[in-house]
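Before any comments, here is the structure.
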Amino acid sequence: MAATELEHADTERGIVTHVDTAEVPSAAWGWSGESRRTFRIAGWIVALILLAMLVGNHKGRIEDVFLVGFAVLIAGILIRDSLLRRKPR
C-alpha cells in the first residue's frame, strides 16, 4: 500500500478506532481511548468524598460552601453528560 493511501476501518470485526495501530498495538482490539464509565465513576466518587469532608473539626462554614459547591458542580457535569449521551444525534 502506498504511503498516500488510506486504510479502511475493520468493520468486519466491529473495530473502529481513531488511532494508528502501528503506534498503539492495543487499538486493534479496541483497548485504546478513555473509558467514559471509568471517568463517571471517578467523578461520583470525588463528589462523595467532597461531601464526606463536611464532617470535620473546622468551625467556619465557608469551607462547607465550597465543598458543597464543587460537589454540586461535579454532579451537574456528570448528569449533563449522561443526558447528552442519551440524545440521538
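The values are calculated or read from the model by the stated rules, or taken from the named source; none is laboratory data. Model, not experiment: these values are computed from the prediction. Reconstructed Cβ throughout: ideal geometry from the backbone, glycine too, with neighbour counts over all protein chains shown.
For the stretch 59-89, the set of residues classified as touching a helix residue (DSSP H, G or I) at 6+ places or on another chain (Cβ under 8 Å) and over 19 Å from ALA47 (Cβ atoms) is empty.
Answer yes or no as to whether THR17 is hydroxyl-bearing (Ser, Thr, Tyr), surrounded by 11 or more Cβ atoms within 10 Å (Cβ to Cβ), modelled with pLDDT of 65 or more and not in a helix (DSSP H, G or I). So THR17 does not fit the description; no.
MET1 falls short on exactly one of the conditions (1) part of a loop (DSSP other than H, G, I, E, B); (2) at pLDDT 90 or above, and that condition is (2).
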